[in-house]
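Contents: one structure, followed by commentary.
All of the numbers you see were taken from the coordinates with simple rules; none came from a lab. Small disclaimer: the values here were computed from a predicted structure and weren't measured. Here Cβ is always computed from backbone atoms with ideal geometry, including for glycine, and neighbour counts include all displayed protein chains.
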Amino acid sequence: MSAGAVNRKSVAVIGGGVSGLAAAKAFAEKGHQVTGFERSHDFGGVWELSRSYPDVQTQSPKDLYCYTDLPMPRDYPEWPKGPQVHDYLLSYAQKHDLVPLFRLNSNIKAMERRSDGQPGWTLTIEADGVERQEDFDFVAVCTGQFSEKNIISHPGQDGFVQRGGLVMHSSEYIDPDVVRGKHVVVLGGSKSATDIAVNATRNGAKSVRLVYRENVWRIPYFVGGINFKHLLYMRAQEQQFNQWGKSPVQRAVAALFKPLVWANFRGLETMLKLQLGLKKHNMVPNIPIEKDVSCSVPIVTPGFFEALNAGQLQTTIGSFDSYTEDGLKLTTGEVVPCDVAVLAVGWKLGVPYLPQDFQDKLIERDGQYRVYRLSVNPDLPDMGFVGFNSSFCTILSAEMIANWLVRFADGQLANQPTEAEMNANIDMMLNWRRNERPAAQIYGGLCSAPFHFKHFDELLTDMGAKKTKRSNPLAEQFRYPNAAAYGEFLASAPQYEAN
Ligand SMILES: Cc1cc2nc3c(=O)[nH]c(=O)nc-3n(C[C@H](O)[C@H](O)[C@H](O)COP(=O)(O)OP(=O)(O)OC[C@H]3O[C@@H](n4cnc5c(N)ncnc54)[C@H](O)[C@@H]3O)c2cc1C
């Protein structure tokens, strides 16, 4: 298709976090007229300062958490703190003149197909207490997985609060002063739960207890003294997990190497058990690590096992049952003292502003999303998702999908899929998640980890990139995905400009 064939579109980008910035850049770069909408007063999404709990830092090392053309500053630590990530994102927005494209404090309340019969969507935008409507040819949805709090409550909560108790979602734990001299119970086993529990131990809580449903494998920043980016983010490792779409030859090779792969993962488990003292803490997961790895695998909060060892932090496997006059009753039957309950129970995945009939086409009954390349659904025309998926290197993932999506929208993919091809691929992926890799069903099936290389290979091939791998085959097999190298690969895809 010739460059001249692409019409300039009006494009709405919903969300001003990592993904919204990547999408705004990708679409504006190709000549489209971009308008970004961010409901908060600032950019950054989960890294926006008023949403970040104290001590928050990235799980990904800094060179795995950056855009292709902007490394994190040299003086940042290996795992940057929340405010540093926020500054970094602002510097990216400034570098690419994205700030003027966005309207802050602008909440998208609804989107409907355009009533004028043109392709695209009419957005209902709420700003300054006023709602208005605006038409767009294409919508890039970048509202992430962390926009709607999962709010849960337990019997007796009202009485607990009336007696002076405090119940909060993890994202509301901004001021550690609330735990000083208090009995704190944190519900959840994710990174945010352990981050908050450790923070509470350091801020004068009288006692801190973590209550979680089941043991999961946790990865320390250093495994056996080696930064985990050198061990866990490589093609050679990724190929050992059961990937989708294996050819008969690949299956035969996998069968041949099965004993070696098994031994590799048992070795890793043993290392983690010894290093973290998992047995001592009754924290050995039941599931083999190779079956568990997905976006929900947390990185160990620094100080977590130290706090357990020092007896500053207690754990219970279970959940909350109810609040009582004497404290908090757990599902184990135990009643524990509690003044502050922090519910680190995550977020509700969804697109609440999308009409129900479209949501029904997007989401299967079991909560699995029907999205091709984690971005588009053939029954939802003129729109796509960027960063709706999780990964272990989300900034790079968002930039890759943003570059794919603009080409998809413009009909400029080298492999522009037909509706039938998209549906066949979606069904194949659903089948793989349901029957071969249940761990991949996490977050509605929208997690690309640990298959970053395979996912990026597919996107680059679709885009017609001439270069998809580093020249040095050893580096390509045994080194983590390098953002700058992916910048080169993206640049090797055919370029065009809409007008
Ligand atoms: C504490 C924490 C640590 C993390 N660490 C890592 C890490 O180390 N590595 C990694 O890969 N990932 C990490 N993540 C995952 C993280 O979510 C992604 O890396 C990335 O920040 C997601 O960006 P996003 O733009 O897709 O979504 P978000 O950051 O959630 O941004 C979405 C934006 O959309 C806006 N929005 C939502 N609804 C509307 C609406 N209706 N109208 C207008 N605007 C709307 C929101 O206000 C928000 O600003 C972490 C997440 C958390 C919470």
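Helix 394-409: angle to the longest alpha-carbon principal axis of the chain, degrees 0 to 90, nearest 10? Computed tilt is about 30 degrees. From least to most packed, judged by other beta carbons within 10 angstrom and beginning with the fewest, Trp404, Trp79 follow the order Trp79, Trp404. When you restrict to C-alpha pairs under 8 Å that are six or more residues apart and normalise by the size of segment 150-347, the relative contact order lands at 41 percent.
Among the listed pairs Lys206/Lys280; Lys25/Lys95; Lys9/Lys30, those with a Cα-Cα distance over 18 Å are Lys206/Lys280.
As a proxy for reagent exposure, ranking Ile401, Ile363 by other Cβ atoms within 10 Å from fewest up yields Ile363, Ile401.
Cysteines of the chain lacking any other cysteine Cβ under 4.7 Å from their own Cβ: Cys66, Cys142, Cys338, Cys393. Our summary of shape: the Cα atoms of the chain have principal axis extents of 71, 63, 47 Å, ordered from largest down, in whole angstrom.
The residue list Gln57, Gly17, Val6 was ranked by how far each Cα lies along the charge dipole of segment 1-67 toward its positive end, using unit charges on Cβ atoms, and Val6 comes out on top.
Relative to the longest principal axis of the Cα atoms of the chain, the long axis of helix 248-276 makes an angle of roughly 30 degrees.
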